[in-house]
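Asks: If you scroll down you'll find the structure; I have some questions about it.
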Amino acid sequence: VGSAMSAAFQFTLPPLAAPGATLRIPAPTGETLMVPVPETALPGDKITMQKQADGSWEITGMVRPTAFATDGQALGPATQYGQAGPPPAQGGYAAQGGQQPAAKPRPKGPIKGPLGPIRPRPQPVPQVPDQPGVAVELLSTKGSMVLDINPAWAPLGAQRFLDLVDSGYYTDIAVYRAVPNFLVQFGVSNSPEMQAFTRIADDPLIGKPVVKGAVCFAASGANTRRCTICIFLGDYSSVLGKNPWETPIGMLREPYFPVLDSLFTGYGDIPQCNGGGPCPFKLEQQGNEYIRAEFPQIDFIRSAKRL
């Protein structure tokens, strides 16, 4: 037992630990490890290190402390490693390990004030007219898919995605997370270009729903969007799209839904969400060799370009 315990340990990311930085971390074995900060990690995250059979150390897990919504209600542990989270239960979403406090009963009818009944003022959702999007072709191992990226929906997110496309970033990129009836996700890489794209600010919500074909950035919280993209395989408008970092940046054109549905989902979710799929930490450290050696059926985005 002692040997097993000494082969794994956790540490907490210190303040100002920026993605891409390298930390000097003492291991319980007496070694000093040089640990790169994962791209979507935040200060306060708990990182798990595991010693491998060859004597090397690898990051095998990351857990975020309890997060809070803007109204102060605890939501439980935040989603891990810049993901959209595990497939939410239909009819409501509760983050892993947390329970939402019971809602206080509301009085029936309008509240009465000194000048008569006080009715809550409705909060309008900004109306943004649909505009022609920027067509982007993703060439996958299962065929082409055409996205309409709409800057009117999310100007910062749309511009970042187009910058990534124009730079050639999405070349030979693994669809490392593919969960049946939930989403496919890609964008993690061990290329130096990944570090060149820093986090961007969130776009305001404008009421665009997360439905089948919706294109969103994966993020771990406010202002953490970077390079990783999700395309949804079903309608999750009732449980996702409530936070600014979840707002869609565009849509997959419906004629290409069959190609989307053909992407391989047989490995299930990533290990951080209790699945058997690829570990994004290992993908970031080892690159596509890790995917091809251990997950040979994973699909890839071969290239991306504007049309």
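Asks: Could you check, for segment 191-199, whether at least one of its residues is in contact with a Phe, Trp or Tyr (Cβ under 6 Å, 6 or more places away or on another chain), over 24 Å from P132 (Cα atoms) and open to solvent by 40 Å² or more (accessible area, probe 1.4 Å)? So that I can check it myself, show each step before the final result.
Replies: Filtering segment 191-199 for residues in contact with a Phe, Trp or Tyr (Cβ under 6 Å, 6 or more places away or on another chain) gives 193.
Next, from what is left, pick out any that are over 24 Å from P132 (Cα atoms): 193.
Subset that is open to solvent by 40 Å² or more (accessible area, probe 1.4 Å): 193.
Yes, segment 191-199 contains a residue that is in contact with a Phe, Trp or Tyr (Cβ under 6 Å, 6 or more places away or on another chain), over 24 Å from P132 (Cα atoms) and open to solvent by 40 Å² or more (accessible area, probe 1.4 Å).
Asks: Being surrounded by 18 or more Cβ atoms within 10 Å (Cβ to Cβ), part of a loop (DSSP other than H, G, I, E, B) and out of contact with any helix residue (DSSP H, G or I) (no Cβ under 9 Å at 6 or more places or on another chain) is the filter here, so list the residues in segment 165-188 that pass it. Break it down into steps so the answer makes sense when it comes.
Replies: Pass one, segment 165-188, residues surrounded by 18 or more Cβ atoms within 10 Å (Cβ to Cβ): 165, 169-170, 173-179, 182-188.
Narrowing the set further to residues that are part of a loop (DSSP other than H, G, I, E, B) leaves 169-170, 175-176, 182, 187-188.
Listed by number, the residues that qualify are V175, F182.
Asks: While we're on this one: If the Cβ limit is 9 Å and pairs must be 6+ apart or interchain, which residue in segment 288-307 that is free of Cβ contacts under 8 Å to residues at least 60 places away in the same chain pairs with which residue that is β-branched (V, I, T)?
Replies: R292/I298
Asks: Moving on. Would you tally the residues in segment 132-180 being of a type in the set (D, E, K, R) and under 14 Å from Y256 (Cα atoms)?
Replies: Total meeting the criteria: 3.
Asks: For residues that are assigned to a loop (DSSP other than H, G, I, E, B) and over 12 Å from L183 (Cα atoms), tally how many sit in segment 206-232.
Replies: Summing the residues that are assigned to a loop (DSSP other than H, G, I, E, B) and over 12 Å from L183 (Cα atoms) in segment 206-232 gives 13.
Asks: Still on this structure, I have one more. Could you tell me which of the residues G266, G277 is open to solvent by less than 50 Å² (accessible area, probe 1.4 Å) and among the small types (G, A, S)?
Replies: Testing whether each residue is open to solvent by less than 50 Å² (accessible area, probe 1.4 Å) and among the small types (G, A, S) leaves just G277.
Asks: Suppose we filter segment 216-244 for residues that are of a type outside the set (S, T, N, Q) and farther than 22 Å from A135 by Cα; how many remain?
Replies: Within segment 216-244, residues that are of a type outside the set (S, T, N, Q) and farther than 22 Å from A135 by Cα number 10.
Asks: Tell me the strands (runs of 3 or more DSSP E) entirely within segment 100-164 that contain at least 3 residues that are modelled with pLDDT of 95 or more.
Replies: It comes to 134-140, 143-149.
Asks: If the requirement is being open to solvent by less than 30 Å² (accessible area, probe 1.4 Å) and either outside any strand (DSSP E or B) or modelled with pLDDT of 85 or more (or both), which of these qualifies: P38, P28, P43? Steps first, please.
Replies: On the way: P28 fails: open to solvent by less than 30 Å² (accessible area, probe 1.4 Å); P43 fails: open to solvent by less than 30 Å² (accessible area, probe 1.4 Å).
Testing whether each residue is open to solvent by less than 30 Å² (accessible area, probe 1.4 Å) and either outside any strand (DSSP E or B) or modelled with pLDDT of 85 or more (or both) leaves just P38.
Asks: Using the structure shown, decide if I301 is part of a helix (DSSP H, G or I), open to solvent by less than 20 Å² (accessible area, probe 1.4 Å) and either at pLDDT 95 or above or on the phi > 0 side of the Ramachandran plot (or both).
Replies: no
Asks: Restricting to segment 149-161, name every residue that is open to solvent by less than 50 Å² (accessible area, probe 1.4 Å) and closer than 16 Å to A214 by Cα. Before you say what the answer is, go through the steps one by one.
Replies: Initial filter on segment 149-161 (open to solvent by less than 50 Å² (accessible area, probe 1.4 Å)): 149-150, 152-154, 157-158, 160-161.
The answer is I149, N150, A152, W153, A154, G157, A158, F161.
Asks: Something else: If you scan segment 209-235, which residues turn out to be out of contact with any strand residue (DSSP E or B) (no Cβ under 8 Å at 6 or more places or on another chain) and either open to solvent by 30 Å² or more (accessible area, probe 1.4 Å) or among the hydroxyl-bearing types (S, T, Y) (or both)?
Replies: Initially, segment 209-235 is screened for residues out of contact with any strand residue (DSSP E or B) (no Cβ under 8 Å at 6 or more places or on another chain), giving 209, 220, 222, 224, 227, 234-235.
Of everything in segment 209-235, those that are out of contact with any strand residue (DSSP E or B) (no Cβ under 8 Å at 6 or more places or on another chain) and either open to solvent by 30 Å² or more (accessible area, probe 1.4 Å) or among the hydroxyl-bearing types (S, T, Y) (or both) turn out to be P209, S220, A222, T224, D235.
Asks: Okay, moving on. Which count do you get for residues in segment 241-294 that are closer than 18 Å to S144 by Cα, part of a helix (DSSP H, G or I) and either among the aromatic types (F, W, Y) or under 15 Å from the mean Cα position of the chain (by Cα) (or both)?
Replies: The qualifying residues number 2.
The values are calculated or read from the model by the stated rules, or taken from the named source; none is laboratory data. Please read all numbers here as calculations on a predicted model, not as lab measurements. Ideal geometry is used to build each Cβ from the backbone, glycine not excepted, and the neighbour counts take in all protein chains shown. Calculation scope for accessible area: heavy atoms of the full protein, side chains included, ligands and nucleic acids excluded. Shrake-Rupley method; radii C 1.70, N 1.55, O 1.52, S 1.80 Å.
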